[in-house]
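Notes follow the structure.
The values are calculated or read from the model by the stated rules, or taken from the named source; none is laboratory data. Every value quoted in this text rests on a predicted model; they were computed, and no experiment measured them. Quick reminder, even Gly has a Cβ in these numbers, built from the backbone with ideal geometry, and neighbours come from all protein chains shown.
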Amino acid sequence: MAQENPVVLVTGASRGLGRGIATELAAKGYSVVINYAGNAKAADETVALCQKAAISASQQFTTVQADIGKSEDRKRLVSESIEKLGRIDALVNNAGIAPRVRADITEATEESFDEVIGTNLKGPYFLTQAVVNYWLKQKPTSLLAGGFKVIFVTSMSVYTASVNRGDYCISKAGLGMVNKLWASRLATEGVQVFEIRPGIMETDMTSGVKGKYDALLDTLVPQKRWGQPSDVGQAACAIISGAFPFSTGDVFNVDGGFHLQRL
């Protein structure tokens, strides 16, 4: 049976921001491919949450295991997504990792650099290439207002230096340029490209530094609270819904005002 709902592929959707994005999409009527690298149980939990949030019996939710840092996994992710749900209308490049060990840049290892760059930068760059080539070569008709969509979930680390995780900052800064590159290339192809730039978000990735940031929220974040996965999910839904028809390559800060330069 042909898919009645637009299909969104969300990478790294088993936990954290990816889960928040997936469940918000489900609540807006989208079908979702939930990509995960290794935690199948968590991915299944995301499916259950999406099913609970869904507003139509025609929506479908499925999981696909793939490590986006690996070329063959990226190719399989695209093919299995299409095989399972019949199409891809939007890609949300959310998957990302922190360095296994936070180390000063005078001591950080090449192994850590290669791993973080491979997952956070190279992975989304070439996964986008694979999805875009499916759109350009197969020429499916988009079910989304304004055409197909690509979103890169980056970080305030695009412009905020953290000397104990330089590899992470470089990966996110590079992804900011990736957004511009794909937006420029696809502007006449019926594909919109955007960057969502989260701030201090309450996820598994930040659980180890929660105490540190709790003490800094009043100073660093004008809205004086942690960001939630649902905040990023709502931003993704607005983009995918076609709410910005005359835009591409734009950056949406979802950071409670962290990016503001204040005296």
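Between residues in the stretch 36-56 that are within 18 Å of residue 80 (Cβ to Cβ) and residues that are modelled with pLDDT of 95 or more and part of a helix (DSSP H, G or I), which pairs lie under 7 Å by C-beta distance while being six or more apart or on different chains?
Between residues of the stretch 36-56 that are within 18 Å of residue 80 (Cβ to Cβ) and residues that are modelled with pLDDT of 95 or more and part of a helix (DSSP H, G or I), the close pairs are 36/42; 36/43; 46/19; 46/22; 50/22; 50/23; 50/26.
Go through the stretch 159-263 and tell me which helices (runs of 4 or more DSSP H), entirely inside it, have 1 or more residues that are among the polar types (S, T, N, Q) and within 19 Å of residue 24 (Cβ to Cβ).
229-240
Out of 96, 118, report the one residue that is in contact with a Gly (Cβ under 7 Å, 6 or more places away or on another chain), within 27 Å of residue 254 (Cα to Cα) and surrounded by fewer than 19 Cβ atoms within 10 Å (Cβ to Cβ).
Result: 118 is the single residue among 96, 118 that is in contact with a Gly (Cβ under 7 Å, 6 or more places away or on another chain), within 27 Å of residue 254 (Cα to Cα) and surrounded by fewer than 19 Cβ atoms within 10 Å (Cβ to Cβ).
Count, please, the residues in the stretch 75-103 that happen to be under 21 Å from residue 25 (Cα atoms) and hydroxyl-bearing (Ser, Thr, Tyr). Quick ask: steps written out before the conclusion?
First, the residues of the stretch 75-103 that are under 21 Å from residue 25 (Cα atoms): 77-78, 80-96.
From what is left, the residues that are hydroxyl-bearing (Ser, Thr, Tyr) are 81.
Qualifying residue count for the region: 1.
Please go through the stretch 2-22 and pick out each residue that is of a type in the set (Val, Ile, Thr) and within 12 Å of the chain's Cα centre (by Cα). First the steps, then the outcome.
Taking the stretch 2-22 first, the residues of a type in the set (Val, Ile, Thr) are 7-8, 10-11, 21.
Result: 8, 10, 11, 21.
Tell me whether the stretch 23-37 contains one or more residues that are assigned to a loop (DSSP other than H, G, I, E, B) and more than 18 Å from the chain's Cα centre (by Cα).
Our first condition is that a residue be assigned to a loop (DSSP other than H, G, I, E, B); within the stretch 23-37, this holds for 28-30, 37.
Subset that is more than 18 Å from the chain's Cα centre (by Cα): 29.
Looking for residues that are assigned to a loop (DSSP other than H, G, I, E, B) and more than 18 Å from the chain's Cα centre (by Cα), one finds at least one in the stretch 23-37, hence yes.
From (1) farther than 24 Å from residue 143 by Cβ; (2) of a type outside the set (Ser, Thr, Tyr); (3) in a loop (DSSP other than H, G, I, E, B); (4) touching a residue at least 24 places away in the same chain (Cβ under 8 Å), pick out the condition that doesn't hold for residue 100.
Status for residue 100: all satisfied but (4).
In the stretch 131-146, is there at least one residue being farther than 27 Å from residue 26 by Cβ and touching a residue at least 40 places away in the same chain (Cβ under 8 Å)?
Looking for residues that are farther than 27 Å from residue 26 by Cβ and touching a residue at least 40 places away in the same chain (Cβ under 8 Å), one finds at least one in the stretch 131-146, hence yes.
Looking at the stretch 111-127, can you tell me whether even one residue there is in a loop (DSSP other than H, G, I, E, B), more than 21 Å from residue 239 (Cβ to Cβ), out of contact with any helix residue (DSSP H, G or I) (no Cβ under 7 Å at 6 or more places or on another chain) and among the hydroxyl-bearing types (Ser, Thr, Tyr)?
Step one: of the stretch 111-127, the residues in a loop (DSSP other than H, G, I, E, B) are none.
There is no residue in the stretch 111-127 that is in a loop (DSSP other than H, G, I, E, B), more than 21 Å from residue 239 (Cβ to Cβ), out of contact with any helix residue (DSSP H, G or I) (no Cβ under 7 Å at 6 or more places or on another chain) and among the hydroxyl-bearing types (Ser, Thr, Tyr).
Residue 54 passes all but one of (1) over 26 Å from residue 190 (Cα atoms); (2) crowded, with 16+ Cβ neighbours inside 10 Å; (3) within 18 Å of the chain's Cα centre (by Cα); which number fails?
Here residue 54 meets the rest and fails (3).
Please verify whether residue 131 is within 18 Å of residue 66 (Cα to Cα), in contact with a Pro (Cβ under 6 Å, 6 or more places away or on another chain) and either β-branched (Val, Ile, Thr) or part of a loop (DSSP other than H, G, I, E, B) (or both), treating the condition exactly as stated.
no
For the stretch 58-80: of the residues being more than 16 Å from the chain's Cα centre (by Cα) and in a helix (DSSP H, G or I), which is nearest to residue 117 (Cα to Cα)?
For the stretch 58-80, the residue satisfying everything is 71.
Of the residues 254, 209, 163, only one is surrounded by 18 or more Cβ atoms within 10 Å (Cβ to Cβ) and not aromatic (Phe, Trp, Tyr); which?
Unique residue meeting the criteria: 254.
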